[in-house]
Each structure stands twice: as structure tokens, then as C-alpha cells.
Amino acid sequence: MAANNVSSLQWKLFLFGIVKIPLIGFCRPRVHEVSDTHISIKIPLKRRTRNHVKSMYLGVMSIGADLASGFLAYHLLLNRNLNAAPVFKTMKVEYLKRAESAVYFNCNEGAAISEMIDEMERTGERVNKVVTINAMCNDECVAIFEMELSMKLKQA
């Protein structure tokens with residue numbers, strides 16, 4: 001994906017963190033990569049995101065996973081000019097290691113989310129799908145998130 005699309009999505013993420021959910025802005029996430037099949041969100045390990053043992057706080061990691069899958073869905077919805085709000089019903093996470101530096105939250109579920117959007121358009125009903133997000137720190141997986149994404153078209 002072109003750099004201008006990354007910067008455009010980064011600007012939208014910044015505004016979303018300021019206007020809608022200030023806790024997101026507090027963590028200073030960055031869109032590292034984005035395409036129709038993949039997104040990578042980076043959250044730095046700083047004083048704001050660190051816990052008492054100097055690793056990334058699990059609440060911050062949950063924010064990163066939420067953003068990775070939610071903003072990939074948002075990106076795909078924008079590409080189709082559809083109005084729907086991605087929300088989450090459930091979350092299951094397995095923490096594998098302590099995250100002792102910046103964490104990249106990678107979601108490769110673009111094809112599954114696109115199928116979700118197709119079904120949502122076809123039926124007009126709410127659609128739910130479990131998506132997987134891998135949290136990577138220093139090229140090692142530190143956590144695996146399974147989040148149930150839920151979307152329904154908003155009426156105009």
C-alpha cells in the first residue's frame with residue numbers, strides 16, 4: 001500500500017484517539033503497514049505503556065490488538081464507502097512472553113473481514129467472526145489474541 005494511505009490512516013487513528021477514545025491517543029499507536037489483507041500497528045514501550053516490571057502493560061496490549069483488527073475492518077469499510085462500526089464481543093488471549101520493547105500488532109485477516117463485509121451487505125444483518133492478532137516484540141511472538149469482531153451496516 002502506498003505511503004500516503006498509511007499516513008492517511010495514521011491521521012484518522014490520531015483523530016480517533018483524540019476525539020473518540022482518548023486512552024488510545026495516550027498510548028501513541030502508529031500505523032506501520034496497511035493493505036487490504038494486512039495491518040501492523042506499533043505501540044512503543046515508554047513510561048506511559050510500561051508496567052511495574054518494565055514490560056508492556058496488558059491493557060495497552062489489548063488496545064493494540066483492538067486497533068489492529070478494528071482498523072483493518074475500518075480500512076476495508078472505507079474502501080467500499082460503507083458505514084458500519086466494528087465492535088468486539090469476546091476476546092481470548094494467550095500471553096507467551098513479556099514484551100520488553102515496542103510491540104507490533106499484526107492482523108492478517110483482511111480476506112476473512114472482506115467476506116464478513118460481503119455477507120453483511122448481502123443480508124443486512126449483524127455478522128460476527130473471530131479474528132487473530134499476533135503481538136510481536138523483537139521478532140518473537142509475545143501474545144496471540146482471538147477477538148470476535150462484530151459489524152452491522154448503519155442505516156442512512
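Tally time: how many residues in the stretch 8-50 are small (Gly, Ala, Ser) and in contact (Cβ under 8 Å) with a residue 12 or more places away in the chain? Residues flagged as small (Gly, Ala, Ser) and in contact (Cβ under 8 Å) with a residue 12 or more places away in the chain within the stretch 8-50 amount to 3. The number of residues in the stretch 84-95 that are without any contact (Cβ under 8 Å) to a residue 60 or more places away in the chain, of a type outside the set (Ser, Thr, Tyr) and surrounded by 13 or more Cβ atoms within 10 Å (Cβ to Cβ) comes to 2. Residues in the stretch 15-35 that are buried (at least 16 other Cβ atoms within 10 Å of the Cβ) and assigned to a loop (DSSP other than H, G, I, E, B): 1 in all. May I ask you to list the residues in the stretch 55-83 that are loosely packed, with under 15 Cβ neighbours inside 10 Å, touching a residue at least 24 places away in the same chain (Cβ under 8 Å) and over 14 Å from VAL142 (Cβ atoms)? Across the stretch 55-83, the qualifying residues are ASN79, ARG80, LEU82, ASN83.
Every number here is computed from the coordinates shown, using simple stated rules; none is lab data. The shown structure was predicted, so the numbers you read here are calculated from the model rather than taken from an experiment. Glycine also receives a Cβ, built like all others from the backbone with ideal geometry; neighbour counts cover every protein chain displayed.
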